[in-house]
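Read through the structure below, which is laid out as C-alpha cells, and then see the notes.
The values are calculated or read from the model by the stated rules, or taken from the named source; none is laboratory data. Everything numeric in this text was worked out from a predicted model, so none of it was measured. When we count neighbours, we look across all protein chains shown, and the Cβ atoms used for this are built from the backbone with ideal geometry, even at glycine.
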Amino acid sequence: MGQISKILIFDTNIFLLGIDFNLIKGTIFTTPGVIKEISVEKYTEKNRTILQRIQVAIDRKKLIVKKPLKKYYDEIERKSLLTGDFNALSKTDKQVITLALELKEETKENIVVYTNDYSMENLCLQLKLEFSPVGKKGITGGIVWEIFCPFCKKLYDPTQLDRLCDRCGQKLIRRKKN
Ligand SMILES: [Zn+2]
C-alpha cells in the first residue's frame, strides 16, 4: 500500500448519502459488512445507483473492501465496553472502527473515519482515530452541514435530513455549520 497518501474509512450511512467517489482525493476503505448492509436496504432505486458506483470504484481500486483482522476486532470490543459504546454499536460499526485501527497500525498512513454516528465518533476519540461527520457536500468541498428544526431549533444528526422533527413535527432543514 505504498502509494496511498490518505485513507478514508466509510460507514454505511456515508455511502447512503450518494457521494461521487471521483471527487474524493485518497483511497476509500470499508468492510464487507457495510456493503452487505447497503445491498439489503429497502429504497432500491436510489441504492441501485449507489451499488453501481461502489462496483465501479472497486474495479478502479478507488474503493477497497477489506475484512479487518480479528486481533484488532477484539481490541475494539474491549475498548467499546470501557467507553460504554458497546451496546450502541452494531457488529458492522465495530468492524468499521476495527479497520481504521488496523490500517493506522499497519500502514502508518493518514486515516480518517467518516461517520455520522455519535457512538462511533466517541470510540474514535478514545482510540485517537481521526474522524469526520459529513453531509453530502462536506466530504468533497469541506462544507459541514448542520441539520435542525426551523421551528424549535433542535439539532439533528446529518443522516436525519428529510425527516420530521420528533419534538414538533416540522420538516428538518440544513445550514452550513461553519
Ligand atoms: Zn422542532
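Restrict the check to region 126-133 and report whether at least one residue is at pLDDT below 90, touching a Pro at 6+ places or on another chain (Cβ under 7 Å) and either of a type outside the set (A, V, I, L, M) or surrounded by 20 or more Cβ atoms within 10 Å (Cβ to Cβ) (or both).
Yes: region 126-133 contains one or more residues that are at pLDDT below 90, touching a Pro at 6+ places or on another chain (Cβ under 7 Å) and either of a type outside the set (A, V, I, L, M) or surrounded by 20 or more Cβ atoms within 10 Å (Cβ to Cβ) (or both).
Say whether the condition of being of a type outside the set (Gly, Ala, Ser) and farther than 23 Å from residue 160 by Cα is met by at least one residue in region 33-47. Lay out the reasoning, then the answer.
Let us first name the residues in region 33-47 that are of a type outside the set (Gly, Ala, Ser), namely 34-38, 40-47.
Cutting the leftovers down to farther than 23 Å from residue 160 by Cα gives us none.
No, the conditions are met nowhere in region 33-47.
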